[in-house]
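These notes concern the structure reproduced below.
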Amino acid sequence: MGALKKILVYAQDYKNKLFLAMFLIFFSVIVGIIPYIIAYDIILSFIENNSVTISYLLLMSSLVVVCLLLQSFLYFKGLSASHEAAYDTLMGMRIKFADKMAKLPLGDINKKGTGNYKKNFVDDIESIEALIAHMVPEGIPYAVVPVLVIIVLFVLDWRLALLSMVSIPIGMTAMMLMMKNGLKKMSAYYNSASNMNSTIVEYISGMEVIKIFNRTTDSFEKYASSVRDYRNYTLAWFKESWTYMSIYGAVLPCTIMFLLPVGTVMYINGTLELSKFVFSLLLSMSLGVPLVRFVEFIPLIPNLKYKIEQLEMTFDGEELETSDKNIDPNNNDVNFKNVTFAYDKKEVIKDVSFCAKENSVTAIVGESGSGKSTLAKLLVHYWDVKSGEISIGNVSINDMSFERLMNMISYVSQDTFLFNTSIIENIRMGRPNATDEEVIEVSKLAMCHDFIMNMENGYNTNVGDAGNKLSGGEKQRITIARAILRNAPIIVLDEATAFTDSENEDKIQEALNELIVGKTLIVIAHRLSTIVEADNIILMHKGEILMQGTHDELLSKSDDYNRLWNSNIQSNNWDINVKGVQHA
């Protein structure tokens, strides 16, 4: 019931349509009973009057046809209203879900994974349609009408009413046993489904590596095993349910199972009038369809409850601390003051303080896992810091709306993403009102122009899903062009040249040097040769700042920096010595 209440809260704005749907379907069910009453009148006319005219039969038959047509019409209009309410609610939930995701820490979203959010956003919300469009508007009338019919039967003869109800507890007992068994298996079923989905995605995404390293047998076995597990859990659940389904499917609608034989004995013994017996039989038969339709909705409740709980975990997620105080920073200096940050209670940034001044280049270097990229992501508010403060000028980023913060920062990550549209539109996302000439100009600065013009449709070439028609280096240069076009006062390059070749990397560095006049450039570098001219280099180690200064200062004072520098030189001169191959 808790899940039902939560969903009805989401449907609050469309309750009038839901009430209309329930009203129409209620009367549709009532009208569906009338043909049984007409049949009773016809039977009684044959038994008691012994003279039935053709005109009478035609009239009664016409009334039956009218009732059936009216029943269908009311049911159709009711479902139309309920589906409008359902899809309006789903639209509102998806808008709310998207708005909530915009307020959640991006780091938490990445950690949970796009597959889970896709499931929430598409599959789980879509499943709620069954409750709003069917369970509420149909389930309530299908529950109320049988109760009214049974009350009428009690008024007519309490013995007949009890006899017509015997099939209900038998059918409901089978239903409850099936649900009890299903609740035990539901968790394992959903886990196996999730594991299968993840394995399928991994298998398809890693197909190139699987084939290159000839791991097709092992990888396919892992994929096939997950599919078998899902099949086994599903079939085991279904097999145990089929017996119960057969019982309630056969017994529940058979409301005359006891009424017919016992009522016949009562009539023969003279303790029951024939008219009451016939009327009770027909009225009991009208209960079958509403009872079955009502019971069909019951197993959906635990499934919907599970999915609602998954959605609520996102809706209840802790949001980023943001407020827009509408204060413009007095400069574009980026200040980290005693910043500490933890992943799941494990501190990965520890009391970090530094200032990246405007019109300068600040580089952050260190071994893998030292916290370089985490600092960049904290600046663009992927997460809230555990303690300390990050500010731009005199304004904390927590005192800026996410939109205001993003207008001040162009962030280019090593994890590039392009939309399934043309190259020119992908670059123009940096500034939607930019002209074609401006896009071409920044493309030249980012060393994109030449390879774009060599493509079949030039700037109008579609890059495919996630830019899969381009190489890693080409995608990175396009995202850099997008950031240049944005022309934000602060530029953050998080190992943004990781996939570019040496020649183009030098050209991109030259282009970026021309862009930092009056701006703050923060570079997360994995190749130290690209940042030797930086105004300030921050050396990170296990989440802490070991030292900061210029390249020459760090070389002269830090053994750790020397070690990184020597590794960089060795990697640049890296070669493979193949036995038996003569080098010129």
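The values are calculated or read from the model by the stated rules, or taken from the named source; none is laboratory data. Treat the numbers as computed from the prediction; the structure is a model and nothing was measured. Virtual Cβ from ideal backbone geometry, glycine too; neighbours counted across all protein chains shown.
Restricting the search to segment 269-290, which residues are buried (at least 19 other Cβ atoms within 10 Å of the Cβ) and under 16 Å from His134 (Cβ atoms)?
If the condition is that a residue be buried (at least 19 other Cβ atoms within 10 Å of the Cβ) and under 16 Å from His134 (Cβ atoms), then Pro290 is the only one that fits.
Anything in segment 291-304 that is under 15 Å from Ile132 (Cβ atoms) and either of a type in the set (Val, Ile, Thr) or out of contact with any Leu (no Cβ under 8 Å at 6 or more places or on another chain) (or both)? List them, or say none.
Phe297, Ile301, Asn303
Out of segment 542-570, which residues are assigned to a strand (DSSP E or B) and either surrounded by fewer than 16 Cβ atoms within 10 Å (Cβ to Cβ) or in contact with a His (Cβ under 6 Å, 6 or more places away or on another chain) (or both)?
Within segment 542-570, Glu544, Met547 qualify.
Filter segment 335-374 down to the residues that are at pLDDT 90 or above and farther than 11 Å from Ile538 by Cα and list them by number.
Asn335, Phe336, Lys337, Asn338, Val339, Thr340, Phe341, Ile349, Lys350, Asp351, Lys357
Being exposed (fewer than 15 other Cβ atoms within 10 Å of the Cβ) and part of a strand (DSSP E or B) is the filter here; which residues of segment 334-350 pass it?
If the condition is that a residue be exposed (fewer than 15 other Cβ atoms within 10 Å of the Cβ) and part of a strand (DSSP E or B), then Asn338, Tyr343, Lys346 are the ones that fit.
Of the residues Ile95, Ile54, Ile33, only one is of a type in the set (Val, Ile, Thr), at pLDDT 80 or above, assigned by TED's automatic domain parsing to the domain that holds Ala143 and surrounded by 14 or more Cβ atoms within 10 Å (Cβ to Cβ); which?
Just a single option satisfies the conditions, and that option is Ile33.
Of all residues in segment 459-497 being of a type in the set (Ser, Thr, Tyr) and not in a loop (DSSP other than H, G, I, E, B), which is farthest from the chain's Cα centre (by Cα)?
For segment 459-497, the residue satisfying everything is Tyr459.
Let me confirm something: among Ser373, Ser396, which residue is free of Cβ contacts under 8 Å to residues at least 60 places away in the same chain, buried (at least 16 other Cβ atoms within 10 Å of the Cβ) and in contact with an Asp or Glu (Cβ under 7 Å, 6 or more places away or on another chain)?
None of the others qualify; the one that does is Ser396.
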